[in-house]
Amino acid sequence: MTIHRITILGTGLIGASAGMALRAARFPGEIVGWDRHPSQVSLAMERGAVDTIAGDAIAAAVSSDLVLLSGPVFAIQDWMERLAPHLKPHQLVTDVGSVKVAIAARALPLFGGSGQAGFLPGHPMAGKEVSGAANADAQLFANAVWLFTEFTGHPLVAEWRTWVERFGCRTMDILAARHDEICAWVSHLPQFLSTALSAMLEDRFGDAPDLRAIGGRALREMTRLGASPYSMWRDIAHANEAEIADALLSMEQRLAYLRENLKTPELRDEFERANHFRTNR
């Protein structure tokens, strides 16, 4: 093993879950945690996600083999800028950001060159609509896909990928632009649809008890993502604006098509397309 010490910067849901997953996979080294909210990293330590709380995040990163950046996209980019001047070529930085073009572009002048640490853009396709270390789970990544975007080669990349696979993940390589395109449709669009539906129902019905009673499971499933934190999705919306806007426009057009065909055979055809998609996934 060449990864003896890992520092996790951002011990919320994903960061703390990664620490817990490392322990469940019997990572024998030290896991250090830091979070801008001291209560989060303290809770992460209580739950066994980290062994040590870092007083100085940069000092902790400098003394680690691998640094995992976990948090909103803009926070990840900020840490990349702050860490790059202090790290050495034998060290690897990786992230869990939901957007990859912006992160890979920021990494290009900072990592992977002569005298620079390595960088591996990553994104686990796993999460919850709730945040924080209190909701972390060692099994969060089980049966999920952990996406990696090729950047530059580094000796620790293969070892980190092996640990990710021990979490129960499948790993998959994908180009940054393709990542952002697909995630806009299969991850970002569902979030904004749920947010829009939840906000619309709030405006129309508020806390009406009959709505909650009648809505049942369909309401709960369709609005579950409506509880997601704005702080995370603000950065995604900014960093992947063009792809998300394209997906939203296509959805607007599709909804208009349904509205215009509520009494025509085209509605049946749309249900058939939807059924075909579901039965083949």
Residue check for PHE192: outside any helix (DSSP H, G or I) and of a type in the set (Phe, Trp, Tyr): no
Enumeration of residues in region 34-62 that are in contact with a Ser or Thr (Cβ under 8 Å, 6 or more places away or on another chain), in a loop (DSSP other than H, G, I, E, B) and open to solvent by 50 Å² or more (accessible area, probe 1.4 Å): none
Within region 120-167, tally of residues that are of a type in the set (A, V, I, L, M, F, W, C), assigned to a helix (DSSP H, G or I) and either open to solvent by 50 Å² or more (accessible area, probe 1.4 Å) or in contact (Cβ under 8 Å) with a residue 60 or more places away in the chain (or both): 6
Filter result for the condition that a residue is open to solvent by less than 100 Å² (accessible area, probe 1.4 Å), basic (Lys, Arg) and in a helix (DSSP H, G or I), over ARG278, ARG234: ARG234
Residues of region 1-33 that turn out to be open to solvent by 10 Å² or more (accessible area, probe 1.4 Å), among the hydrophobic types (A, V, I, L, M, F, W, C) and in a helix (DSSP H, G or I), as a count: 4
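The values are calculated or read from the model by the stated rules, or taken from the named source; none is laboratory data. If you're wondering where the values come from, they're calculated on a predicted model, not measured in any experiment. Don't worry about glycine lacking a Cβ; one is built from the backbone with ideal geometry, like all the others, and counts go over all protein chains shown. Accessible surface areas use protein heavy atoms only, side chains included; no ligands, DNA or RNA. Shrake-Rupley method; radii C 1.70, N 1.55, O 1.52, S 1.80 Å.
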